[in-house]
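First the structure, in the form of structure tokens, and then the observations on it.
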């Protein structure tokens, strides 16, 4: 009888302690959750990573290139992203190299794939002197309209991406030449607006 009397209080205090521990743990979890949610003192919740949201967008800067339409009756714009260029000359070379690389859309190239930009210089008056390889002339399909589109695509591409360029002088193998393929006089620089205003 005496043992039973002593056991009952012991059981009650064990059950009470267990309930107390459970309530304490639950309180700690709730408080920790609230503190985490409001961001103090363990730090604020991190926003979604931009790299994950923008993973499908190519890095770099946007440029505009001008190619011939499938009907070969006009120039059409194509936008793409490229690595940023440090200087105006580097950017001018970059857009011309991309132009030579050819369209990535439903359009036709205006310069043969074998064409190279040998050198490029921009004077303090805003005239860009572009020295192309001989392939610009030798690999040209000829014809006055085709020649017009080629020159316009060069001038218009530079004008669209480099407003500081006011005129464009086309050279071949370091020399001024009369025409690109026998039709249009290229001995003097073309105004940057020339490519845009032509019909």
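At-a-glance table
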{"read-out": "The range 66-88, residues that are closer than 23 Å to residue 137 by Cα and in contact with a strand residue (DSSP E or B) (Cβ under 8 Å, 6 or more places away or on another chain)", "value": "66, 67, 68, 69, 70, 72, 74, 75, 76"}
{"read-out": "Residues being over 18 Å from the mean Cα position of the chain (by Cα) and part of a strand (DSSP E or B) - total across the range 80-137", "value": "13"}
{"read-out": "Qualifying residue in the range 151-170 (condition: within 23 Å of residue 63 (Cβ to Cβ), in contact with a helix residue (DSSP H, G or I) (Cβ under 8 Å, 6 or more places away or on another chain), exposed (fewer than 14 other Cβ atoms within 10 Å of the Cβ) and in contact (Cβ under 8 Å) with a residue 60 or more places away in the chain)", "value": "yes"}
{"read-out": "Count of residues meeting criterion [touching a strand residue (DSSP E or B) at 6+ places or on another chain (Cβ under 7 Å) and more than 12 Å from residue 132 (Cβ to Cβ)] in the range 89-118", "value": "12"}
{"read-out": "Which listed residue is under 23 Å from residue 77 (Cβ atoms) and buried (at least 21 other Cβ atoms within 10 Å of the Cβ), from 99, 120, 94", "value": "99"}
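This table checks each residue for (1) over 19 Å from residue 115 (Cβ atoms); (2) in a loop (DSSP other than H, G, I, E, B); (3) in contact with a strand residue (DSSP E or B) (Cβ under 8 Å, 6 or more places away or on another chain).
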| residue | (1), (2), (3) |
| --- | --- |
| 150 | no, no, no |
| 155 | no, no, yes |
| 158 | no, no, yes |
| 164 | yes, yes, yes |
| 169 | no, no, yes |
| 177 | no, yes, yes |
| 183 | no, yes, no |
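Just so you know, all these numbers are worked out from the coordinates, no wet-lab data involved. Just so we're clear, the structure is a prediction, and the values are computed from it rather than from any experiment. Quick reminder, even Gly has a Cβ in these numbers, built from the backbone with ideal geometry, and neighbours come from all protein chains shown.
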